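The block underneath contains the structure these notes are about, expressed in C-alpha cells.
The values are calculated or read from the model by the stated rules, or taken from the named source; none is laboratory data. Fair warning: this is a prediction, and the values are worked out from it, not measured in the lab. So basically every Cβ, Gly included, is an ideal-geometry build from the backbone, and we count neighbours across all protein chains shown.
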Amino acid sequence: MIDKKFKIANKIFKSRLIVGTGKYKSFSECAKAIKTSGADIVTVAVRRVNISNKNKARLMDYIDPKKITYLPNTAGCFTAEDAIRTLRLAREIGGWKLVKLEVLGDKKNLFPEMIETLRSTELLTKEGFKVMVYCNDDPLMAKRLENAGAVAIMPLAAPIGSGLGIQNKVNIRIIRKQTKLPLIIDAGIGQASDATIAMELGCDGVLINTAIAKARNPFQMAEAMKLAVISGRKSFLSGRISPNLFGEASTTNKGII
Amino acid sequence: MNIKNKIKITVNGKQMQITPKFSLKSLINKLKMPINKIAIELNKKIIDKRKISKIQLKKGDKIEIVHFIGGG
C-alpha cells in the first residue's frame, strides 16, 4: 500500500520519527543516534553561548543543518513573550521558520500552559512562523490551536521525559478524527511499543528524545524506534481486524477426520 | 590603556570592559564567535547580523549571544 507523504507546512519529510538532541553524553553520540534513527527533523534549543570557553564543541559542528532540518524549540519558556523572543533569536541564527512551540506552566510535571501556548501560536503565526505546537491531549484545545494557525498538533503521551507511554488513547483518537493537520505524539514515549501504538492510533509521527538518549544502548534504541514507527504506520494503514470477545479458529473444520 | 577610558558592558550576564568606539562586530571577533551559528540581542533587541559593524557599543549595553544546543 502506498502511503501518503509526511508533509509539514508543505514540506515533505522521509521519516515520521522526529528526534530530540538533548540529554546525550556527547555530541558525537547524539549525531550517531540521529543517523541510526533515520530522522530528518531534529529538535534543538536556544541558549547562551559560553563566552569564557570559546573552543567548546557546538551542536552545529556535529549535526549539519544543511542535511537535516533543525526544529528550534522554546524549552524552558513559561510565557508567550519568552517563547517569541527565543524563536525570533532562532530565526536570526539561520532563517528557521518551522518551529516547535512549547510553553510550560508547571516545573514539576512540565505540562504545557495552554492559555499562553494558544496566545503564542496566534502571535507567532502572524509573524510568519510555521508553528508545531506541543500541547496537552485535549481535543477542544487542539481545535483552537488549529484555528489559530498551528501547522502541526503535538499532544503529549505523558509528561516530558517520563517514559510512561500513551495515557489517554481515547483523546488521541478523537483529536485524530477531528484534524487533518499532522498529528505528532510529543513527549512521554518510553519504549518502541509506545511509538507503534501512537502510529496505530493514526498519528502522523512521533517525537522522541529521552527514550533514545537515556536508553542503555541509545543506538539500538534509535533503530528500534525507527522500526516501531514504520511498523505502527503499516499496521494502521493495513486495517486491523475487529476485536472479538470470542475465539475464531484459524483452521477450517472442513475435512476433519 | 587608562582604566578610566574603559566602558563596562554585560555579555551573556558577565561584565566586560571594552575601549570606546568598540563596534559590535569587534566584540564578536574578539570573542571568536562564528557569526553564522549565533544570534545577537542588544538591549533585548535582535540585531541584524549584517549590520554589526555599524553598531557602536555604549556604556551599560547588555548583549546576549545565543546558539543552538541539544534539546527535546
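Output the number of residues of region B:61-72 satisfying the condition of being outside any strand (DSSP E or B) and facing chain A (nearest Cβ under 7 Å).
Qualifying residue count for the region: 2.
Being modelled with pLDDT of 95 or more, assigned to a strand (DSSP E or B) and among the β-branched types (Val, Ile, Thr) narrows it down to one of A:34, A:18, so name that one.
A:18
Quick one: in region A:195-212, which of the residues that are out of contact with any helix residue (DSSP H, G or I) (no Cβ under 7 Å at 6 or more places or on another chain) and under 19 Å from residue A:33 (Cα atoms) is surrounded by the fewest Cβ atoms within 10 Å (Cβ to Cβ)?
Filtering region A:195-212 for residues that are out of contact with any helix residue (DSSP H, G or I) (no Cβ under 7 Å at 6 or more places or on another chain) and under 19 Å from residue A:33 (Cα atoms), the one surrounded by the fewest Cβ atoms within 10 Å (Cβ to Cβ) comes out as A:210.
Can you name every residue in region B:29-38 that is under 20 Å from residue B:60 (Cα atoms) and at the interface with chain A (Cβ under 8 Å from one of its Cβ atoms)?
B:31, the sole residue that qualifies.
Within region B:37-54, work out how many residues are touching a residue at least 12 places away in the same chain (Cβ under 8 Å), over 19 Å from residue A:85 (Cα atoms) and surrounded by fewer than 17 Cβ atoms within 10 Å (Cβ to Cβ).
Counting residues in region B:37-54 that are touching a residue at least 12 places away in the same chain (Cβ under 8 Å), over 19 Å from residue A:85 (Cα atoms) and surrounded by fewer than 17 Cβ atoms within 10 Å (Cβ to Cβ) gives 2.
Please determine whether any residue of region B:46-60 is facing chain A (nearest Cβ under 8 Å), closer than 19 Å to residue A:50 by Cβ and over 9 Å from the mean Cα position of the chain (by Cα).
No, the conditions are met nowhere in region B:46-60.
Go through the residues of region A:134-147 one by one and say whether even a single one is under 13 Å from the mean Cα position of the chain (by Cα) and surrounded by 22 or more Cβ atoms within 10 Å (Cβ to Cβ).
The answer is yes; a qualifying residue exists.
What tally of residues in region A:37-53 results from selecting those that are at the interface with chain B (Cβ under 7 Å from one of its Cβ atoms), among the β-branched types (Val, Ile, Thr) and assigned to a strand (DSSP E or B)?
Residues of region A:37-53 at the interface with chain B (Cβ under 7 Å from one of its Cβ atoms): A:43-49, A:51.
Still in the list and also among the β-branched types (Val, Ile, Thr): A:43-44, A:46, A:49, A:51.
Going one step further and asking which of them are assigned to a strand (DSSP E or B), we end up with A:43-44, A:46.
The qualifying residues number 3.
Test residue A:69 against the criterion of being in contact with a Gly (Cβ under 7 Å, 6 or more places away or on another chain) and among the polar types (S, T, N, Q), and give yes or no.
The answer is no for residue A:69.
Please tell me if residue B:7 is under 25 Å from residue A:90 (Cβ atoms), β-branched (Val, Ile, Thr) and surrounded by 12 or more Cβ atoms within 10 Å (Cβ to Cβ).
No.
Within region A:160-252, considering only helices (runs of 4 or more DSSP H) that don't extend past its boundaries, which have at least 2 residues that are touching a residue at least 12 places away in the same chain (Cβ under 8 Å) and under 21 Å from residue A:139 (Cα atoms)?
Result: A:169-178, A:192-200.
Being facing chain A (nearest Cβ under 10 Å), crowded, with 17+ Cβ neighbours inside 10 Å and out of contact with any Asp or Glu (no Cβ under 9 Å at 6 or more places or on another chain) is the filter here; which residues of region B:10-26 pass it? Full working, then the answer.
Our first condition is that a residue be facing chain A (nearest Cβ under 10 Å); within region B:10-26, this holds for B:11-14, B:16.
So of that shortlist, the ones also crowded, with 17+ Cβ neighbours inside 10 Å come out as B:11-12, B:16.
Within region B:10-26, B:16 is the sole residue that qualifies.
So is residue A:20 touching a residue at least 40 places away in the same chain (Cβ under 8 Å) and buried (at least 21 other Cβ atoms within 10 Å of the Cβ) or not? Outline the logic, then answer.
On the way: touching a residue at least 40 places away in the same chain (Cβ under 8 Å): yes; buried (at least 21 other Cβ atoms within 10 Å of the Cβ): yes.
Criteria met by residue A:20.
What residue, of A:189, A:185, A:175, is over 18 Å from residue A:208 (Cβ atoms), surrounded by 22 or more Cβ atoms within 10 Å (Cβ to Cβ) and not polar (S, T, N, Q)?
Numbers: A:189 fails: over 18 Å from residue A:208 (Cβ atoms); A:185 fails: over 18 Å from residue A:208 (Cβ atoms).
Result of the check over A:189, A:185, A:175: A:175.
Is one or more of the residues making up region A:110-122 within 14 Å of chain B (Cβ to nearest Cβ) and of a type in the set (D, E, K, R)?
For region A:110-122, residues within 14 Å of chain B (Cβ to nearest Cβ) and of a type in the set (D, E, K, R): absent.
Can you go through A:63, A:93, A:84, A:68 and tell me which one is over 27 Å from residue A:33 (Cα atoms) and either under 20 Å from the mean Cα position of the chain (by Cα) or among the aliphatic types (A, V, I, L, M) (or both)?
Values: A:63 fails: over 27 Å from residue A:33 (Cα atoms); A:93 fails: over 27 Å from residue A:33 (Cα atoms); A:68 fails: over 27 Å from residue A:33 (Cα atoms).
Of the residues listed, the single one that is over 27 Å from residue A:33 (Cα atoms) and either under 20 Å from the mean Cα position of the chain (by Cα) or among the aliphatic types (A, V, I, L, M) (or both) is A:84.
Name the single residue, out of those in region A:93-123 being modelled with pLDDT under 95 and in a helix (DSSP H, G or I), that is surrounded by the fewest Cβ atoms within 10 Å (Cβ to Cβ).
By that ranking, first place goes to A:94.
Residue by residue, here is whether (1) among the hydrophobic types (A, V, I, L, M, F, W, C); (2) at the interface with chain B (Cβ under 9 Å from one of its Cβ atoms) holds:
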position: A:20; (1), (2): no, yes
position: A:23; (1), (2): no, yes
position: A:28; (1), (2): no, no
position: A:32; (1), (2): no, no
position: A:55; (1), (2): no, yes
position: A:66; (1), (2): no, no
position: A:78; (1), (2): yes, no
position: A:91; (1), (2): no, yes
